[in-house]
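The values are calculated or read from the model by the stated rules, or taken from the named source; none is laboratory data. Remember, predicted model here, so these are calculated numbers, not experimental data. Here the Cβ positions follow ideal geometry from the backbone for every residue, glycine too, while neighbour counts run over all protein chains shown. Please note that ligands, DNA and RNA were not included when accessible areas were found on the heavy atoms of the full protein model with its side chains. Shrake-Rupley method; radii C 1.70, N 1.55, O 1.52, S 1.80 Å.
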Amino acid sequence: MRRLNGRLRSSLIIGLQGIRARKMRTLLSMVSLFLGVLAVVVVQAGASIAERAFLADTELTVGVDGTKVAHLDAYSKPQVTGIALDTVKGRSDAVAMVGTQAVVGEPGVLPVNEGGAPIGENWGGSAPVPDGPVPGQAVEMHLTALTGDVRTFRPFRLVSGRWLDWGTKPSLAPRIVINEAAAEGFRQYHVPAQMTVPGVRNPVTPRFVGVVDDGTNWPQAYLRYDELSVWTPAEADAQGGGGGGGDLQVLMTGSSPVAQVLTTRVRAIGSDASIETINTRGDRTREIKLIRLVFLGMAGLVLLIGVAGILNVGLASVGERVEEFALRRAVGTPRLLLAGIVLTETLLTGLLTAAAAIGVGVAALKVIVTVVGSSEPLLRGVTFPWDAGVAGILAGLIAGILGGAIPALRAAGIPIATVMRA
């Protein structure tokens, strides 16, 4: 073992000396390999960032992995809403989401985005009819009333203002957080601060307190359920209407007992609860791996060009050092050590190239994040992924081995008699 360690140390020292003595050849090898290693680093970094962005967007619209989602039928059985609200009341491991529509703006007019469509798009809303509502200054939103902080399960990104606060008493003027699509609509159309909600007799005066990125491109708003229910008629609340709610979901942690309790209570009234567990990473892992392998294969082709460059330079270097290697053989240097010297040089060249490529990748990502990060949600808070650095180092090592194997074998095969001819 000590002898082997001595040979490794000798290979490293002599290899470093060889690199110092042939700086230009080393530089040429690095240049030919640089683009290949950089391609591997960029592909791996891009795949990691894309995977992170995909999972982050899915978490916003569906939920984090491990979250249980109960889909309840509040249309045919309105009392299901009351059961769900009672089940999650006072719990921190479950949140009920009651969905409905709301129109903010002039009363009795057709919204500019009828049906809650994205601003500027048309989801096939009905055309104006004689003696019917006419288009006016109003924006329609999908309204979600919450019983607690849903960000535990769907981590909305706060853009401005603040999120809903359940630590205060319900207000008669509901505090509302809108998404970026709704905020864009209110920037384009200056509408009266008057909100009409199905099932609520009188118009509501909302207070917009914040803007979030929730991953959707249609106008969406969030508010406390208890603030909306203040305006709900008693008969609607008794049936579980809760402000005209129809869409009903309950989000809960994987270990929460709410799922079993809720299912039992809902079945007792002749309804049912469809419960699913979010597993986005597991469902998409195969697709993500396949895409990554395709792009890594393309980067590998570029890397092979760099390997050919190292091989070419290595063969030329060994051809110029025939007398040196023959002399070393004459003084007792083992063939294995000669091969190790050449291979060490190419490995060090590969590692230096990998370090340079990783450095360029880190610097380029920082520049991109600094320049366009504020306008692109995908790049907010992005850091260089460590797995891209590991991939770059492995690419450098593999290139060093492939490009140095043949020159190393050629150096080990040089006969001692060569020094006599020299």
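Given (1) out of contact with any Asp or Glu (no Cβ under 6 Å at 6 or more places or on another chain); (2) buried (at least 17 other Cβ atoms within 10 Å of the Cβ); (3) part of a loop (DSSP other than H, G, I, E, B), identify the lone condition not met by A299.
(3) is the only condition that A299 fails.
Out of segment 304-315, which residues are open to solvent by less than 40 Å² (accessible area, probe 1.4 Å) and under 26 Å from I416 (Cβ atoms)?
From segment 304-315, those open to solvent by less than 40 Å² (accessible area, probe 1.4 Å) are 306-307, 309-310, 313-314; that's our starting set.
V313, G314 - these are the residues of segment 304-315 that are open to solvent by less than 40 Å² (accessible area, probe 1.4 Å) and under 26 Å from I416 (Cβ atoms).
Scan segment 190-207 for residues that are modelled with pLDDT of 90 or more and over 15 Å from L228 (Cβ atoms) and report the count.
0
Quick check: is even one residue across segment 324-332 under 30 Å from S29 (Cβ atoms), modelled with pLDDT under 80 and in contact with a Phe, Trp or Tyr (Cβ under 9 Å, 6 or more places away or on another chain)? Lay out the reasoning, then the answer.
So in segment 324-332, the residues under 30 Å from S29 (Cβ atoms) come out as 324-332.
Adding the requirement that they be modelled with pLDDT under 80 leaves 324-332.
From the residues that got through so far, the ones that are in contact with a Phe, Trp or Tyr (Cβ under 9 Å, 6 or more places away or on another chain) too are none.
No, segment 324-332 contains no residue that is under 30 Å from S29 (Cβ atoms), modelled with pLDDT under 80 and in contact with a Phe, Trp or Tyr (Cβ under 9 Å, 6 or more places away or on another chain).
Just the residues that are under 25 Å from K89 (Cβ atoms) and aliphatic (A, V, I, L, M), please, taken from segment 166-223.
Across segment 166-223, the qualifying residues are L172, A173, I176, V177, V197, V200, V204, V209, V212, A221, L223.
How many residues are under 33 Å from the mean Cα position of the chain (by Cα), open to solvent by 20 Å² or more (accessible area, probe 1.4 Å) and of a type in the set (S, T, N, Q) when one looks only at segment 62-99? Give the derivation first.
Step one: list which residues in segment 62-99 are under 33 Å from the mean Cα position of the chain (by Cα), which gives 62-73, 84-85, 88-99.
Next, only the ones that are open to solvent by 20 Å² or more (accessible area, probe 1.4 Å) stay: 62, 64-66, 68, 71, 73, 85, 89-93.
Next cut, of a type in the set (S, T, N, Q) only: 92.
The qualifying residues number 1.
Among the residues of segment 41-79, which ones are touching a Leu at 6+ places or on another chain (Cβ under 6 Å), more than 26 Å from V258 (Cα to Cα) and either modelled with pLDDT of 80 or more or not in a helix (DSSP H, G or I) (or both)?
Result: V43, single match.
Check off (1) at pLDDT below 90; (2) surrounded by fewer than 16 Cβ atoms within 10 Å (Cβ to Cβ); (3) aliphatic (A, V, I, L, M) for I278 and give me the number that stays unchecked.
Failed condition: (2).
Note down all Cβ pairs under 6 Å where the first residue falls in segment 364-383 and is modelled with pLDDT of 65 or more, the second is aromatic (F, W, Y), and they're at least six residues apart or on different chains.
Within 6 Å, the pairs are L365/F384.
Answer yes if at least one residue in segment 306-315 is assigned to a helix (DSSP H, G or I), touching an Asp or Glu at 6+ places or on another chain (Cβ under 9 Å) and closer than 28 Å to E51 by Cα, and no otherwise.
Here is the first cut: in segment 306-315, the residues assigned to a helix (DSSP H, G or I) are 306-315.
Narrowing further to those that are touching an Asp or Glu at 6+ places or on another chain (Cβ under 9 Å): 314.
Checking the rest, the ones that are also closer than 28 Å to E51 by Cα come to none.
There is no residue in segment 306-315 that is assigned to a helix (DSSP H, G or I), touching an Asp or Glu at 6+ places or on another chain (Cβ under 9 Å) and closer than 28 Å to E51 by Cα.
Please enumerate the residues belonging to segment 248-262 that are touching a residue at least 40 places away in the same chain (Cβ under 8 Å) and either surrounded by fewer than 16 Cβ atoms within 10 Å (Cβ to Cβ) or among the small types (G, A, S) (or both). Talk me through it step by step, then tell me what you get.
Filtering segment 248-262 for residues touching a residue at least 40 places away in the same chain (Cβ under 8 Å) gives 248-256, 258-259, 261-262.
Selection gives G254, S255, S256, A259, V261.
It is to be established whether one or more residues within segment 57-78 are without any contact (Cβ under 8 Å) to a residue 12 or more places away in the chain and farther than 30 Å from A138 by Cβ. Give the steps one after another, and end with the answer.
At the first step, the residues of segment 57-78 found to be without any contact (Cβ under 8 Å) to a residue 12 or more places away in the chain are none.
No, because not a single residue in segment 57-78 is without any contact (Cβ under 8 Å) to a residue 12 or more places away in the chain and farther than 30 Å from A138 by Cβ.
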